[in-house]
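J.: Shown below is the structure under consideration.
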Amino acid sequence: MQCLRFFNRRMGLLPALFFCLGAAAQTKCSCAEAETLRAPMGYYFNSGRLDSAVYYTQQLLQYKEGGCRIFYENWMAQLSIARKDYSAARQFLEAEKTLLNANNCKELLVRHYNTLSKLYQELNRSDSFVTACLQGIDAAIAVNDQYGLSRAYTDVASAFSQLAQREKAIAYYRKGLEAAHKQKKVPSLSASVGVRLGNEYLDMYTETNNSIFADSALQLGKSSLDTAQAFQDMLAYMEANELLASHALATRQYQSAISFADEIIRQSPRGVHLFDRITYTGFSKKSKACYQLQHYKAAEQYADSALVYATAFNPQLMIGAYNDLYLAAKANGNPSRSLLAHERMTVIRDSLFSVEKNAAINELEKKYNQAKNETTIKDLDRKKQLYLLLAIIGAVAAVAIGLYVRQQSLQHKKNILETEQRLNRARMNPHFFFNALTALQKFAVRENDGQALASNLSKFSHIMRETLESTYKDYVTIEQEMEFLNEYLEVQKIRFPQTFSYDISASPDMEIDELQIPSMIIQPFVENSIEHGFAGLHYPGRVLIQFAKDDKEILIRISDNGKGLDTVPREENAHISRASQIIRDRIYLLNIKLKTKAGFSIANNETGEGVVVKIHLPLMYKKL
């Protein structure tokens, strides 16, 4: 089985996967049983089935070889990082380091520092990330581990790539590529490192407009693609497509860029954290190409999807995703959304890539080169402590940035996720308010019934208030949702008198005042039924909304007797498709946040009339 390596272009990290690392020769540091478990663990890890990977990892605890415990601690650290449980990952790594020092397992230090650097990258601690990479370089040189050396050099190169220090980044990428050619452990490693070097050449081409750099990037992309195919390395294959898509964009070959992006999107599995970056790249490249082709609606749509996967993976990716969304929304005549995207992009960029961090990483490299001839890591630790002291003094001089980084970094991903949820919950058609008020005006003139008018105005004001407040609510009870839908449909009946009827019901066994669902997740489908499904019907329409509970899920069924999907005009189909994509992205983010498997389906009714939407959500009870 080929090793699948998950390289991160801008984050740069090459996570240490189980079955890509060989066992050490010493008895205290080796574990023969780990060799038999590596393949199944690697399979479940790469496919996102982390619980199964943990099961195989725990088998190591029953073996008596000293090295098995070391392998257990490292593999559990990798699994904890994949689960975003960083506190547990730190504990496993500390336990591993203690065992490595006690047993003098120098050959396993390379893997330890690689996993440690992955942890620091996920935490956006640039200084600690670079320090771990530099320690990994020393450890790899000490035992002549060319595979580990290539990974460590590539990680350091990525740090300088983030700071746009191209010459230093290229120098380290070349060292990583040289080591990749020398190692024999992973035949396709040179393809993955070559992709990173090619991307750096493309950045040089963008900055200098020198075609030599573009030609070098194209050559590396083609050779990496050939190598990845020869050794059946799926990740290297998709990343080579990413480089070729970037080259096509830089040289204005936009249709070619879309073809390469489609290949990435098609090959990337969904729901696996380590693949979220790859999926983001495909949508981002496609959004950029559509923007250049002046297909602005499509560009905004693909930018939306790119942002979903960037949010799931890492805040650093969200800078590019928000920039794509800012440009597309602006060109698409959506200034408020464009402004919000630009503000979010600026906040994240300023918090992650400050002048202080730029100087810190360069200072770390300088200290590393000065300490290269020292005999112990103790001196390097003292130098790092001195650097941290200087960093604290510098942070005091820049209070605003320092306080933001220290106090807000742990809440950063959560805030961004909540922002995206609020954007997606702002779902009601803004024209509905105008149309409803017009309908109320006609009702007042036609009926001349002050009491009825007051009642209808009360319903409309309540709907308006609930709609605006829902932007800041994550969840509402089923009882609240039923009340909202009832008032919403009553106002719609004023707009469309004698056009439709409705029924909202819940199973008797449901605790509708305690069970919660995401706010405004049903209304878009009901609106589609009324606005589009019943348009032009020659018979009364009917909407049925049913809530039920099945085992550990809430089941919601929305059905109508309208025209159905096949007969809806093209422009109305686009409206329905857009609503479906928004709900799909919201459910995807909900699954990430709660680690659930919620979903929905939409299809024509089996009776031959109308559409049926089925939504299944996890059981969520209101907190007391």
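J.: Please indicate, with yes or no, whether at least one residue in the stretch 96-108 is of a type outside the set (Gly, Ala, Ser) and not in a helix (DSSP H, G or I). It would help to see each step written out before you state the result.
T.: Keep residues of the stretch 96-108 that are of a type outside the set (Gly, Ala, Ser), which gives 96-101, 103-108.
Narrowing the set further to residues that are not in a helix (DSSP H, G or I) leaves 104-105.
Among the residues of the stretch 96-108, at least one is of a type outside the set (Gly, Ala, Ser) and not in a helix (DSSP H, G or I), which makes the answer yes.
J.: Now for a separate question. Hey, any hits in the stretch 291-305 for a residue that's touching a Pro at 6+ places or on another chain (Cβ under 9 Å), touching a residue at least 40 places away in the same chain (Cβ under 8 Å) and either buried (at least 18 other Cβ atoms within 10 Å of the Cβ) or under 27 Å from residue 209 (Cα atoms) (or both)?
T.: No, because not a single residue in the stretch 291-305 is touching a Pro at 6+ places or on another chain (Cβ under 9 Å), touching a residue at least 40 places away in the same chain (Cβ under 8 Å) and either buried (at least 18 other Cβ atoms within 10 Å of the Cβ) or under 27 Å from residue 209 (Cα atoms) (or both).
J.: Let me ask another. For the stretch 306-325, enumerate the residues that are buried (at least 24 other Cβ atoms within 10 Å of the Cβ) and without any contact (Cβ under 8 Å) to a residue 24 or more places away in the chain.
T.: Listed by number, the list is empty, since nothing qualifies.
J.: Identify all residues within the stretch 77-95 that are touching an Asp or Glu at 6+ places or on another chain (Cβ under 9 Å), part of a helix (DSSP H, G or I) and either touching a residue at least 24 places away in the same chain (Cβ under 8 Å) or crowded, with 21+ Cβ neighbours inside 10 Å (or both); write none if there are none.
T.: 77, 79, 81, 86, 89, 92, 93
J.: Please count how many residues of the stretch 570-599 are modelled with pLDDT of 75 or more and either charged (D, E, K, R) or outside any helix (DSSP H, G or I) (or both).
T.: Initially, the stretch 570-599 is screened for residues modelled with pLDDT of 75 or more, giving 583-599.
Narrowing further to those that are either charged (D, E, K, R) or outside any helix (DSSP H, G or I) (or both): 584-586, 593, 595-599.
Counting residues in the stretch 570-599 that are modelled with pLDDT of 75 or more and either charged (D, E, K, R) or outside any helix (DSSP H, G or I) (or both) gives 9.
J.: On to the next question. May I ask you to list the residues in the stretch 517-568 that are among the β-branched types (Val, Ile, Thr) and in a strand (DSSP E or B)?
T.: Passing the criteria: 517, 543, 545, 554, 556, 558.
J.: Tell me whether the stretch 11-34 contains one or more residues that are among the charged types (D, E, K, R), out of contact with any helix residue (DSSP H, G or I) (no Cβ under 8 Å at 6 or more places or on another chain), over 26 Å from residue 132 (Cβ atoms) and at pLDDT 75 or above.
T.: No.
J.: Identify the residue in the stretch 43-59 that is closer than 10 Å to residue 75 by Cβ and more than 21 Å from the chain's Cα centre (by Cα) and, among all such residues, is surrounded by the fewest Cβ atoms within 10 Å (Cβ to Cβ). Spell out how you get there, then give the answer.
T.: Filtering the stretch 43-59 down to residues closer than 10 Å to residue 75 by Cβ leaves 45, 53-54, 56-58.
Then drop every residue that is not more than 21 Å from the chain's Cα centre (by Cα), which leaves 53-54, 56-58.
Values: 53: 25, 54: 17, 56: 21, 57: 24, 58: 12.
Of everything passing the filter in the stretch 43-59, 58 is surrounded by the fewest Cβ atoms within 10 Å (Cβ to Cβ).
J.: Please go through the stretch 334-361 and give me each residue that is assigned to a helix (DSSP H, G or I), more than 23 Å from the chain's Cα centre (by Cα) and at pLDDT 65 or above, ordered by number. Lay out the reasoning, then the answer.
T.: From the stretch 334-361, those assigned to a helix (DSSP H, G or I) are 335-352, 355-361; that's our starting set.
Restricting the remaining residues to those that are more than 23 Å from the chain's Cα centre (by Cα) gives 335-336, 355-361.
Across the stretch 334-361, the qualifying residues are 335, 336.
J.: Just for the stretch 111-146: of the residues that are at pLDDT 90 or above and β-branched (Val, Ile, Thr), which one is surrounded by the fewest Cβ atoms within 10 Å (Cβ to Cβ)?
T.: 143
J.: Please go through (1) in contact with a helix residue (DSSP H, G or I) (Cβ under 8 Å, 6 or more places away or on another chain); (2) farther than 21 Å from residue 321 by Cβ; (3) of a type in the set (D, E, K, R) for residue 215 and return the number of the only condition it doesn't satisfy.
T.: (1)
The values are calculated or read from the model by the stated rules, or taken from the named source; none is laboratory data. Source: prediction; values computed, not measured. Here Cβ is always computed from backbone atoms with ideal geometry, including for glycine, and neighbour counts include all displayed protein chains.
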